[in-house]
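Please read the structure below before turning to the comments.
The values are calculated or read from the model by the stated rules, or taken from the named source; none is laboratory data. Just so it is clear, the structure is predicted and the values come from calculations on it, not from any experiment. With ideal geometry, Cβ positions are generated from the backbone for all residues, glycine too; neighbour counts draw on all protein chains shown. All accessible areas refer to the heavy atoms of the entire protein, side chains included, with ligands and DNA or RNA removed. Shrake-Rupley method; radii C 1.70, N 1.55, O 1.52, S 1.80 Å.
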Amino acid sequence: MKIVIASDSFKGSLSSLQVADAVEEGIRAALGTGAEIVKVGVADGGEGTTEALAESLGGRLTSAVVSDPLGRPISAVYGITGSGDTAVMEMSSASGLPLLALSERNPMLTSTRGTGELIADALARGCRKFLMGIGGSATNDCGTGMLSALGWRFYDAEGNLLWGRGADLEKICTIDDTDVLPAMREASFTVACDVNNPLYGPRGTAFVFAPQKGADSEMVATLDRGLRSFAAVIEKKYGISVGDVPGAGAAGGLGAAFLAFTGARLVPGIDMVLDAIRFDETLKGASLVFTGEGKIDSQTICGKTPSGVLSRAARQGISVIAIGGKVDAAPEGFLDVLQATPAGMSLEQAMNFETAFANVRSAAFEAIGRHLTKWVE
């Protein structure tokens, strides 16, 4: 019997593969050593994606000193797969909202320049394929900071070079791409994007997301005008219309920048990860799949790791058991959904590594016990 384990991390306590190790121990305790168990690290494109993909693809983590959202030096981590040609990045490691104090949040001033510097570092190391997670941004610069770090130049009407911040968007009149890094011509980007917001307008990135990044109503209006203006400059320069493309508004317009300047593919985060690790091939011949995440609730089925795993397994007629650190709601479609944390246990205790590992192990053991007859048969 073949069992595949593909769980997201339990954030704050267990990594994706640590969850898989705990589940394996539970299965072995219930079934012995006869089953073939295949463990893969997965994530949904958000926090933990870099580590999960680097592990699953036999790679390593590395770091580079880049600019944080306000231009200060910071060490940011990204992954390089075992093949050496693919980089795995989360833009939040260089340009994320958690890097700023509450009083520092201001999308007029923040920039994605550090993300571009991270890409440039990977290009210098020989990477030409990029798997990018773009959630959790502190920015609304439509990717101009990132692009500036890669060699694009943006000028105002007087010919002044602009840095690449939200406040600069409305000033951009000219795009110069003569100094773009030559390696960018060989680079391809797949971007994990789980929002379908357009670039501007009532559902655009400024109105929907900028307030949580520190923008007041006046800033929101200014940023939206800037995004409209910059989109017109892009269309004039390249003949590409990005304003209404679903996902263009992701990460303060970073989605639009990837589309227009790099020809990137925007895909759901979990699909980017599962495709990268060839998960459909891993599933072949499996009798059962275990998945999970720290908290299973009504949002789990909306593009989170367990829903993506369930969808892929269902195509091959394979049953899926989900384990959550906490379960507030059990989504339909799973063979079983189990809560690992015993009732009454404090959050602090449940988040302890040894405790969390033991709880997941016990839940996996219980799951096999509940369905043992079926799997033995």
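Going by what's in this entry, would ALA231 be described as assigned to a loop (DSSP other than H, G, I, E, B) and closer than 20 Å to LEU162 by Cβ? No.
Any residue in segment 266-273 that is in a helix (DSSP H, G or I), over 23 Å from the mean Cα position of the chain (by Cα), under 24 Å from GLN18 (Cβ atoms) and touching a residue at least 12 places away in the same chain (Cβ under 8 Å)? Reasoning before the result, please.
Filtering segment 266-273 for residues in a helix (DSSP H, G or I) gives 269-273.
Adding the requirement that they be over 23 Å from the mean Cα position of the chain (by Cα) leaves none.
Scanning segment 266-273, I find no residue that is in a helix (DSSP H, G or I), over 23 Å from the mean Cα position of the chain (by Cα), under 24 Å from GLN18 (Cβ atoms) and touching a residue at least 12 places away in the same chain (Cβ under 8 Å), so the answer is no.
Hey, any hits in segment 73-87 for a residue that's farther than 30 Å from VAL19 by Cβ and out of contact with any Gly (no Cβ under 8 Å at 6 or more places or on another chain)? Checked against the condition, which is being farther than 30 Å from VAL19 by Cβ and out of contact with any Gly (no Cβ under 8 Å at 6 or more places or on another chain), segment 73-87 yields at least one hit. Looking only at segment 164-194, residues that are among the hydrophobic types (A, V, I, L, M, F, W, C) and without any contact (Cβ under 8 Å) to a residue 60 or more places away in the chain come to 2 in all. In segment 273-322, of all residues being open to solvent by less than 10 Å² (accessible area, probe 1.4 Å) and polar (S, T, N, Q), the one that is modelled with the lowest pLDDT corresponds to THR300. Residue check: GLY126 meets all listed conditions (1) open to solvent by 50 Å² or more (accessible area, probe 1.4 Å); (2) outside any strand (DSSP E or B); (3) of a type outside the set (Val, Ile, Thr); (4) more than 25 Å from PRO211 (Cβ to Cβ) but one, namely (1). Among the candidates GLY308, GLY294, the residue that is more than 25 Å from THR33 (Cα to Cα), touching a residue at least 40 places away in the same chain (Cβ under 8 Å) and outside any helix (DSSP H, G or I) is uniquely GLY294. Looking across segment 54-93 at every residue that is of a type in the set (Ser, Thr, Tyr) and in a strand (DSSP E or B), the one that is nearest to the chain's Cα centre (by Cα) is identified as TYR78.
Residues that are touching a residue at least 40 places away in the same chain (Cβ under 8 Å) and under 24 Å from LEU181 (Cβ atoms) were ranked within segment 94-109; the one that is surrounded by the most Cβ atoms within 10 Å (Cβ to Cβ) is SER95.
I'd like to check something: does segment 22-35 contain any residue that is touching a helix residue (DSSP H, G or I) at 6+ places or on another chain (Cβ under 8 Å) and closer than 28 Å to SER95 by Cα? The answer is no, given that none of the residues of segment 22-35 is touching a helix residue (DSSP H, G or I) at 6+ places or on another chain (Cβ under 8 Å) and closer than 28 Å to SER95 by Cα. Scan segment 234-265 residue by residue and report those that are at negative phi, part of a loop (DSSP other than H, G, I, E, B) and of a type outside the set (Asp, Glu). Once the filter is applied, which keeps residues that are at negative phi, part of a loop (DSSP other than H, G, I, E, B) and of a type outside the set (Asp, Glu), segment 234-265 yields ILE240, SER241, VAL242, GLY243, VAL245, PRO246, ALA248, GLY249, ALA264. Looking only at residues of segment 19-65 that are more than 23 Å from SER362 (Cβ to Cβ) and of a type in the set (D, E, K, R), we find that the one that is least open to solvent (accessible area, probe 1.4 Å) is ASP44.
Among the residues making up segment 280-293, those that are over 16 Å from the mean Cα position of the chain (by Cα) and within 20 Å of LEU14 (Cβ to Cβ) are VAL289, PHE290, THR291, GLY292. Which of the residues belonging to segment 137-196 are assigned to a strand (DSSP E or B), open to solvent by 60 Å² or more (accessible area, probe 1.4 Å) and within 20 Å of PHE207 (Cβ to Cβ)? Hits for segment 137-196: nothing passes.
Taking the stated definitions as given, is ASP328 within 21 Å of ASP44 (Cα to Cα) and open to solvent by 50 Å² or more (accessible area, probe 1.4 Å)? Before the answer, list the steps.
Numbers: within 21 Å of ASP44 (Cα to Cα): yes; open to solvent by 50 Å² or more (accessible area, probe 1.4 Å): yes.
Criteria met by ASP328.
Report yes if THR112 is buried (at least 23 other Cβ atoms within 10 Å of the Cβ), modelled with pLDDT of 95 or more and either of a type in the set (S, T, N, Q) or over 23 Å from LEU227 (Cβ atoms) (or both), otherwise no. Answer is yes for this residue. As a summary of the residue check, GLY333 satisfies the conditions (1) open to solvent by less than 70 Å² (accessible area, probe 1.4 Å); (2) within 30 Å of THR205 (Cα to Cα); (3) free of Cβ contacts under 8 Å to residues at least 60 places away in the same chain except for the one numbered (2). With the structure loaded, tell me whether VAL376 is in contact with a helix residue (DSSP H, G or I) (Cβ under 9 Å, 6 or more places away or on another chain), modelled with pLDDT under 95 and not aromatic (Phe, Trp, Tyr) or whether it fails that test. Yes, satisfied. Pull up segment 340-354, narrow it to residues that are surrounded by fewer than 19 Cβ atoms within 10 Å (Cβ to Cβ) and touching a residue at least 40 places away in the same chain (Cβ under 8 Å), then point me to the one that is nearest to LEU17 (Cα to Cα). Among residues in segment 340-354 that are surrounded by fewer than 19 Cβ atoms within 10 Å (Cβ to Cβ) and touching a residue at least 40 places away in the same chain (Cβ under 8 Å), the one nearest to LEU17 (Cα to Cα) is PHE353.
Tell me, yes or no, whether segment 357-371 has at least one residue that is within 16 Å of SER9 (Cα to Cα), among the aliphatic types (A, V, I, L, M) and open to solvent by 60 Å² or more (accessible area, probe 1.4 Å). Steps first, please.
Start the filter on segment 357-371 by keeping residues that are within 16 Å of SER9 (Cα to Cα), which leaves 357-361, 363-364.
Imposing the further condition that a residue be among the aliphatic types (A, V, I, L, M) reduces the set to 358, 360, 363-364.
Add one more test, that the residue is open to solvent by 60 Å² or more (accessible area, probe 1.4 Å), and what stays is none.
The answer is no; no qualifying residue exists.
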